[in-house]
Amino acid sequence: MDHEFARCFTKDLDSLAKEVELCNEEILWLVLPGITNSIGNLTQHLIGNLNHFIGATLGETGYVRNREREFAEAYLTKTEMIAKITETSAMLEQVIGSLTELDLLKKFPYETFGYEMTTGHMITKLASHLGYHLGQINYMRRISTN
């Protein structure tokens, strides 16, 4: 099924890859005053988040997430980060593209936010989360390069 959700994620992940591409290694890991995370840490977080909740949970990819590491370490180079974004995008297209309308109405396996929700609702939350951090990354990059 060619799903709108997959197109939404693909568009935003393409934008994320472009943002990372525009950063040098210093800016990628720069933590601006009054900000808690770097562009690199937020990008690692988005890669981990999507691979966990969509890849491992819905697509049974076997991905094992280490959320704390996403924020605590600079474990991906810029080149690796862009490659992981591309891999994540391909995974999303495959997993989300395989979901049926009935799958989207099923209960999502985790109560991540303390309440039950459908898989479709969780995918919407994940798309919103990606967009939120993408906006932060865009502003952080522009502030850091001026």
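Readers should treat all values here as calculations from the given coordinates under stated rules, not as data from a laboratory. Owing to the predicted nature of the structure, the values given are computational and were not obtained by experimental measurement. Cβ atoms come from the backbone with ideal geometry, glycine included; neighbour counts cover every protein chain shown.
Quick notes
- Test: residue in the stretch 32-42 that is without any contact (Cβ under 8 Å) to a residue 12 or more places away in the chain, within 30 Å of ILE96 (Cα to Cα) and surrounded by fewer than 18 Cβ atoms within 10 Å (Cβ to Cβ): no
- Enumerated helices (runs of 4 or more DSSP H) restricted to the stretch 16-117, each holding at least 1 residues that are in contact with an Asp or Glu (Cβ under 8 Å, 6 or more places away or on another chain) and under 21 Å from SER128 (Cα atoms): 39-50, 78-98
- Where a residue in the stretch 86-108 is within 10 Å of THR119 (Cβ to Cβ) and its partner, wherever it lies, is of a type in the set (Asp, Glu), with Cβ under 8 Å and at least six apart: LYS107/GLU116; PHE108/GLU116
- Just one of the listed residues (LYS78, LYS11) is basic (Lys, Arg) and more than 13 Å from the chain's Cα centre (by Cα), and it is LYS78.
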